[in-house]
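Undergrad: To start, I am sharing the structure in question, which I have written as C-alpha cells.
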Amino acid sequence: MLRWLNNFFVVLLCVIIFISCGFIDLRPIVFSIEPDKPDSVLSDCVSPVIIKFNTEMDKQNTEKILQVNSDVGLMKGDYIWKGNNLYFIPVPGWTAGIRYTLSFLGTIQSVDGRDLRVERFVSFYAVNKNAPPLLEWHYPTDGMSVGTGDTVFEFHFSRSMDRLSTEFALTIEGTGNKTFEWSDEDRKLKITVDKALSPWTSCRWNLRDSAKSVDGVPLPQTYSGYFTTNLDQTLPCVVRVFPVLNSDGSWFPTGASIETGLASKQGIAVEFNKPMGENVLRSIRFDPSISGRTEFLSEKSIVYIFTKDPEPETMYTLIISADTRDSEGLKIGADYRVNFIPDIPLLNILSFNKDNKDNGFDAENVTPNIILPVSIDSVTGEISFSIRFSLPFSIQEKQNTAQKIILTPFFPKTLQPVALQYVSWIGDDRLIMRWEGLKAGDTETRHYYKLTIPGGKGGINNGMGMYMKEDMTIYLEAVNER
C-alpha cells in the first residue's frame, strides 16, 4: 500500500510540473548540405549551395554563420529561403576551376527555441575543376631593350585561352590600337601595335587574372613585366646639305656647295646619318620663307622642291627643326642651320647699241638715267637701236618684252608721241627695235626721249624666272644724222 502511494505521488508531481511549465521538445535539429562531398562540382556557374533543415529556423541567425570563401576572398551572394531550406546563390556567379569552401560555423536556433552548435566545412567547384592556365613565356622579357617600331609582343600559355577575356585583360603602356593574332590552338598570342613606341622610355605590360582558359578557368595570378625602348642609342644628325638637279624624274647632286651653288630650277637635298621618320617631311623651313614641298629621296635623305626659284642676291637660312625624328623616334635635339645665297643671276643689260651698230655702250656704261645721243632720220623721224641682255629669253617672253619696253617724249612737253614700228630678235638675247615719230632738236632746243625697260617682278623676265632688279631708264637725245 505504501509503495502504491509513492508511485502515485511521483505521477502527480510530474503532472503538476507539466501543467505549470509547458511541454519540453527534446528532439535534435537535423540538417544536410548540398554539395555534401568534398571537391564536388556544381553543374553551372549559378548553381546554389543548399542547407536543408528538419524544422523552421531563425533565418537571420542562420544566415549570419553561412559563408563561402575562395583564394580570392569572401564570396558575395543572396540568401533565399524555400520552406525550411536555405539557398545561397552567388551574385557574380561561380568561376570555373576555383576551389570554394562553404563554412557553417556557430550556433543555430530553431523557431521553437532549440539550438545547436554546428561546425561544418565543405569544399566544392563549379562547372569543372580543371587546372588553371599559366603564362609560360613572353616577349619582350623583363628589362629587355627593344626598338620603338615593329616590335611584336608574344605571350605563350600552358592551355588554350579564351580570346576575348585574354585580350581585354592585357594592357601595354605606350601603345595605341592593337592587332591580336592567335595560333597553336589559342595557346600563343602575338600582338602588333599601330604606332611606334616612345624612345628611351620604360614601359610596363599587365595581364590581369580575369583572363581565362577556353573552359573558363582564370589565371591563378596577375602577370606583369617591363621593357625599355633604348635599343637604338644613336641620335640622328644632318650629314650634308647640297643642291640637286632633276633629270627624267630623278634627283642628282650637282657637285656644287649649298652656300653659293644653288642654281635655278634646282632643289635642296638633306642627308641624315640614319633612316628618318615621316615627320622629317615637315621639318624644313626657310628664313625668309620660300614655298615648296618635301619628298623622300631615300630612307636617309629628303629633297626640298621649290614652287619657284628663290630670290637672286638674297641670303637665306635653311633650318631643320630640333624635333626632327628618325624612324625610332629619336630627335636631332637642336636646330640645324645653314646660310646660302642662290646662284641665280639677275637679268641685266649687257649693251645698248644706238643706230643698230656695234658702236654702242657696254654693260659697264649702261647705267640708269644715262643720256645717250642718237641719230634721227630727218625725213621719217625713225630711230633704231639694239639691246643685248645677259640671259636668253623664251619665245613667249620675247613677245611680252617688246610690248613692255616704252619710249615716250620727255622734253620739251610739246614733243609728239612716238610709235613702235619694228621689232626683231637676233638669237635669244638681243632685241632690235625701230621707232618712228621722233624729232631731232637743234642748238637752241634739245629734244629728249625717255626709254623705260621695266624691272622687278612685274617687269620683263626671260621666261625662266630671271628679271631685272629695278627699272632701267635711258634718256635718248635726238640729233640729226651727220
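The values are calculated or read from the model by the stated rules, or taken from the named source; none is laboratory data. Only a predicted model underlies this, so the values are computations on that prediction, with no experimental measurement involved. Methodologically, a virtual Cβ is constructed for each residue, glycine included, from the backbone with ideal geometry; neighbour enumeration extends over all protein chains shown.
Undergrad: Residues that are over 21 Å from E119 (Cα atoms): find the strands (runs of 3 or more DSSP E) completely inside the stretch 26-97 holding 1 or more of those.
TA: Ranges flagged: 40-42, 77-82, 85-90.
Undergrad: Only residues in the stretch 173-200 that are closer than 17 Å to H138 by Cβ and in contact (Cβ under 8 Å) with a residue 40 or more places away in the chain count as the first member; pair them with residues that are surrounded by fewer than 15 Cβ atoms within 10 Å (Cβ to Cβ) and of a type in the set (K, R), Cβ under 6 angstrom, at least 6 apart or cross-chain, and list the lot.
TA: What qualifies is V193/K178.
Undergrad: Here is a further query. What do you reckon, is E136 in a strand (DSSP E or B), in contact with a His (Cβ under 8 Å, 6 or more places away or on another chain) and either modelled with pLDDT of 95 or more or charged (D, E, K, R) (or both)? Before the answer, list the steps.
TA: Numbers: in a strand (DSSP E or B): yes; in contact with a His (Cβ under 8 Å, 6 or more places away or on another chain): yes; either modelled with pLDDT of 95 or more or charged (D, E, K, R) (or both): yes.
The answer is yes for E136.
Undergrad: Filter the stretch 69-94 down to residues that are at pLDDT 95 or above and among the hydroxyl-bearing types (S, T, Y) and give me whichever is surrounded by the fewest Cβ atoms within 10 Å (Cβ to Cβ).
TA: Out of the qualifying residues, it is Y79.
Undergrad: Oh, and also: Residue by residue through the stretch 437-458, note down the ones that are small (G, A, S) and surrounded by fewer than 16 Cβ atoms within 10 Å (Cβ to Cβ).
TA: Matches in the stretch 437-458: G456, G458.
Undergrad: Pull up the stretch 459-480, narrow it to residues that are surrounded by 20 or more Cβ atoms within 10 Å (Cβ to Cβ) and out of contact with any Gly (no Cβ under 9 Å at 6 or more places or on another chain), then point me to the one that is modelled with the lowest pLDDT.
TA: Only one residue fits best here, namely M466.
Undergrad: List pairs: first residue in the stretch 291-302 and closer than 14 Å to L318 by Cα and in a loop (DSSP other than H, G, I, E, B), second residue at pLDDT below 95 and of a type outside the set (V, I, T) anywhere in the structure, Cβ distance under 8 angstrom, at least six positions apart or on different chains.
TA: Close Cβ pairs (under 8 Å, with a partner that is at pLDDT below 95 and of a type outside the set (V, I, T)) amount to S291/K308.
Undergrad: Determine the pairs where a residue that is under 17 Å from V46 (Cβ atoms), located within the stretch 66-86, has a partner that is among the hydroxyl-bearing types (S, T, Y) and assigned to a strand (DSSP E or B) with Cβ atoms under 6 Å apart, the partner being 6 or more residues away or on another chain.
TA: These pairs meet every condition: V68/Y100; S70/Y100; I80/Y87.
Undergrad: Please go through the stretch 386-421 and give me each residue that is assigned to a strand (DSSP E or B) and in contact (Cβ under 8 Å) with a residue 24 or more places away in the chain, ordered by number. Even if it seems obvious, please write down each step before you answer.
TA: At the first step, the residues of the stretch 386-421 found to be assigned to a strand (DSSP E or B) are 386-389, 406-411, 419-421.
Correct list: S386, I387, R388, F389, I406, L407, T408, P409, F410, F411, Q421.
Undergrad: Any residue at all in the stretch 277-294 that is within 22 Å of A196 (Cα to Cα) and either of a type in the set (S, T, N, Q) or in the same structural domain as M468 (by TED's automatic domain parsing) (or both)?
TA: Yes: the stretch 277-294 contains one or more residues that are within 22 Å of A196 (Cα to Cα) and either of a type in the set (S, T, N, Q) or in the same structural domain as M468 (by TED's automatic domain parsing) (or both).
Undergrad: Filter the stretch 203-258 down to the residues that are free of Cβ contacts under 8 Å to residues at least 40 places away in the same chain and in contact with a Ser or Thr (Cβ under 6 Å, 6 or more places away or on another chain) and list them by number.
TA: Hits for the stretch 203-258 are N206, R208, P243, L245.
Undergrad: Within the stretch 260-298, how many residues turn out to be surrounded by fewer than 14 Cβ atoms within 10 Å (Cβ to Cβ), of a type in the set (D, E), within 21 Å of D232 (Cβ to Cβ) and at pLDDT 95 or above?
TA: Residues flagged as surrounded by fewer than 14 Cβ atoms within 10 Å (Cβ to Cβ), of a type in the set (D, E), within 21 Å of D232 (Cβ to Cβ) and at pLDDT 95 or above within the stretch 260-298 amount to 0.
So that you can scan it fast, the table gives a plain yes or no per residue for (1) assigned to a loop (DSSP other than H, G, I, E, B); (2) outside the structural domain of K331 (by TED's automatic domain parsing):
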residue	(1), (2)
S165	no, yes
F168	no, yes
D186	yes, yes
L189	no, yes
D209	yes, yes
G216	yes, yes
Q233	yes, yes
G255	yes, no
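Here's the yes/no breakdown for (1) more than 30 Å from I453 (Cα to Cα); (2) loosely packed, with under 15 Cβ neighbours inside 10 Å; (3) modelled with pLDDT of 95 or more:
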position: T314; (1), (2), (3): no, yes, no
position: T317; (1), (2), (3): yes, yes, yes
position: A322; (1), (2), (3): yes, yes, yes
position: S327; (1), (2), (3): yes, no, no
